[in-house]
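Below is one structure; the comments refer to it alone.
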Amino acid sequence: MPAASTTLRVLAASVIASLTVTGCQSLDDAGTALGRADLVNDLAARMDRALEQTWAADYQLAGGRTASIAQTKEPLRSSYTWPDGKITVTQEAVTTCAVAAARTSCTVRPPVLTAGRPSVAVYREAGRRGLVTPPAVIHLLTTAALDPEASIAQHDTTLAGSPATCVDVSGAGDRFTACVTPEGVLGSFTGTLDGRPEELALTTWTDTVDPRAFEPPPGAGVVDRRNPKS
């Protein structure tokens, strides 16, 4: 899978090239498009690099719920925990857990062997559960940068004691606010994602990770569906 920042650089370059070739836009329009591309590329590159680093983050969701992300570079592994489930991807297994009737059950399956990041599988599953993920935010930013009717404004804030760069997007498309820390961690998001209102805010962040973050929740029933070793 190509890096998200590479994709966004190509898209941004296409926007600028289009302005140059057609000559229909004013210099102000071209400057605005260039500013959008630069801002999107910077935030996307931060989040893209963070997918390969070691860190853990806790988030506050709407309604007082919580979620967390944990990942390590060596060994390569990542985990996403939300109110009713958890998925962990390591080089040894993919473990998916679900909570039903106050009971947690986990299924262990063979690993997805790739040369990339196990976090890709984590974010894909989390996205299916309706959670905000860095790739989803990258997609929204890219769409906004290519939308001539979108308005993108920048401001700075502090989240969980860390500075963050934020963008407020409004216009013809999705309306949302997203913040990213210097380390590339998604700091906050408020808006609509796939037609659902979503909200999350970073509460804690650390560059050290407790190994227990990659284990099934305490007391969970575990079914191992990996093939036995020959």
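The values are calculated or read from the model by the stated rules, or taken from the named source; none is laboratory data. Keep in mind it's a predicted model, so treat the numbers as computed, not measured. Here Cβ is always computed from backbone atoms with ideal geometry, including for glycine, and neighbour counts include all displayed protein chains. The area values use the complete protein model at the heavy-atom level, side chains included, leaving out ligands, DNA and RNA. Shrake-Rupley method; radii C 1.70, N 1.55, O 1.52, S 1.80 Å.
Annotations for the structure displayed:
- Qualifying residue in the stretch 213-225 (condition: open to solvent by 70 Å² or more (accessible area, probe 1.4 Å) and among the aromatic types (F, W, Y)): no
- Residue list for the stretch 168-202, filter: among the β-branched types (V, I, T) and at pLDDT 90 or above: T177, V180, T181, V185, T190
- Pairs linking a residue in the stretch 165-189 that is among the basic types (K, R) to a residue that is not in a loop (DSSP other than H, G, I, E, B), with Cβ atoms under 8 Å and 6 or more positions apart or on different chains, are R175/V169; R175/G191; R175/T192.
- Top-ranked residue in the stretch 191-209 [being touching a strand residue (DSSP E or B) at 6+ places or on another chain (Cβ under 8 Å) and assigned to a loop (DSSP other than H, G, I, E, B); ranked as nearest to S79 (Cα to Cα)]: V209
- Restricted to the stretch 149-171, and to residues there that are part of a loop (DSSP other than H, G, I, E, B) and under 21 Å from R65 (Cα atoms), the residue that is most open to solvent (accessible area, probe 1.4 Å) is G161.
- Scoring S119 on the criteria (1) over 24 Å from D42 (Cβ atoms); (2) crowded, with 19+ Cβ neighbours inside 10 Å; (3) under 18 Å from the mean Cα position of the chain (by Cα) leaves a single failure, condition (1).
- Taken over the stretch 172-190, the criterion of being in a loop (DSSP other than H, G, I, E, B) and open to solvent by 40 Å² or more (accessible area, probe 1.4 Å) is satisfied by A172, G173, D174, R175, P182, E183.
- Candidates in the stretch 88-111 are the residues that are aliphatic (A, V, I, L, M) and surrounded by 14 or more Cβ atoms within 10 Å (Cβ to Cβ); of these, the one that is modelled with the highest pLDDT is V108.
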